[in-house]
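Some notes on the structure that comes next.
The values are calculated or read from the model by the stated rules, or taken from the named source; none is laboratory data. As the structure is a prediction and not an experimental result, all values here were calculated from the model. Backbone-built Cβ (ideal geometry, glycine too); neighbour counts: all protein chains shown. SASA here: full protein model, heavy atoms, side chains in, ligands and nucleic acids out. Shrake-Rupley method; radii C 1.70, N 1.55, O 1.52, S 1.80 Å.
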Amino acid sequence: MKDSLTIDKKILIKAQNGDLESFEYILTFYEKAIFNYCLRVIKNLSDTEDIIQETFIKVYTNRRSIDPEKNIKTWIFTIATNTMYDYFRKKKRKNERILNQEDETIIDPSAYYNSEGLTSDIDSALNKINKEYKEAILLFYQQGFEYKEIAETLSIPINTIKTHISRGREQLREILKNEYGKN
Amino acid sequence: MNMEKIDKQLNNLNTTEMSPRLHSSIMRIVNHKKMQPMFLILFFLLVFNFIIIFWHINTKLVDAEFGVMMNDLFTDFDLSFYFIGTIISSFFEIISPALVLSLFISFFGSIYVYKKNIYLFNFYKI
């Protein structure tokens with residue numbers, strides 16, 4: 001997933017003009033990365049699927065904003081992140097309206113991976129750190145983004161990103177030390 | 001646990017494949033979005049055609065005093081096969097069958113296009 005996440009300019013120009021084959025190429029190129037990023041942040045498989053769907057529909061609808069000269073990776077991840085923020089806002093409003101309603105099945109991504117036999121303590125620990133730190137850490141480690149790209153995606157200054165990653169790692173170390181007894 | 005180990009684990013975070021169902025669902029929605037303007041134009045053309053033909057038929061029937069004729073026939077013959085046969089033949093003398101067929105095609109065509117559009121939209125949702 002951390003391999004070169006770049007797409008040929010010609011494909012971007014074609015996608016910009018509404019070519020569905022090029023759009024599918026972009027979708028295939030980024031779907032797995034965005035899916036894994038969102039799944040870890042959202043922690044709910046069905047909502048993650050909705051967000052992925054909404055993200056790529058937004059990508060298609062706003063295809064004219066694609067700048068072939070710029071990095072499309074950060075643009076798509078920004079759309080995904082904003083869609084997730086909208087999701088959290090809606091969820092917050094819903095929770096304020098309907099208290100104590102258990103209408104959703106929350107899935108811990110680590111449990112999701114667990115069913116595939118792939119879990120680790122780091123997966124569980126990641127779910128316990130601050131959301132801001134988690135987003136920055138996931139983009140940095142899981143997606144192989146540079147600080148500048150993370151800053152662009154999350155609309156946060158580079159120095160704040162560095163602080164988030166550093167604090168996130170620190171939190172992870174504390175959690176792993178205290179809860180899983182790893183020194 | 002030292003930071004190096006944490007970094008190593010973070011670099012090797014588990015990933016999973018996205019469902020192919022989700023991929024095809026996105027492509028279907030996008031495809032539909034591309035087709036939607038065409039569907040809308042077709043729908044409005046059919047509705048417009050229906051209104052024009054309906055207005056034209058109505059004007060012709062009013063001019064030919066078809067309503068009065070129907071009323072007279074009904075008082076003379078009551079509701080019988082003869083009455084229905086006379087009404088139908090009189091109707092097609094005033095209005096061409098091709099025009100009536102066109103009215104039906106416009107009417108059912110617009111309903112079909114509308115329903116098909118809504119059906120596709122719902123179908124795309126996961």
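Let me confirm something: among B:Glu93, B:Glu4, which residue is exposed (fewer than 11 other Cβ atoms within 10 Å of the Cβ) and closer than 30 Å to A:Ile175 by Cβ?
Working: B:Glu93 fails: closer than 30 Å to A:Ile175 by Cβ.
Checking each option against the conditions leaves just B:Glu4.
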Tell me which residues, restricted to region B:16-58, are open to solvent by less than 50 Å² (accessible area, probe 1.4 Å) and either free of Cβ contacts under 8 Å to residues at least 24 places away in the same chain or not in a helix (DSSP H, G or I) (or both). B:Thr16, B:Met18, B:Ser19, B:His23, B:Ser24, B:Ile26, B:Met27, B:Val30
Checklist (1) at pLDDT below 90; (2) surrounded by fewer than 17 Cβ atoms within 10 Å (Cβ to Cβ); (3) closer than 30 Å to A:Leu126 by Cα applied to A:Gly18, failing item: (3)
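Every residue, every condition in (1) farther than 23 Å from B:Lys33 by Cα; (2) modelled with pLDDT under 90; (3) touching a Phe, Trp or Tyr at 6+ places or on another chain (Cβ under 7 Å), yes or no:
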position	(1), (2), (3)
A:Ile13	no, no, no
A:Leu27	no, no, yes
A:Asn62	no, no, no
A:Thr74	yes, no, no
A:Lys94	yes, yes, no
A:Gly117	yes, yes, no
Only one of (1) out of contact with any Leu (no Cβ under 8 Å at 6 or more places or on another chain); (2) within 8 Å of chain B (Cβ to nearest Cβ) does not apply to A:Ile34, and that is (2)
Complete set of residues in region A:141-183 that are open to solvent by 50 Å² or more (accessible area, probe 1.4 Å), at pLDDT 90 or above, among the small types (Gly, Ala, Ser) and farther than 22 Å from A:Thr6 by Cα: A:Ser166
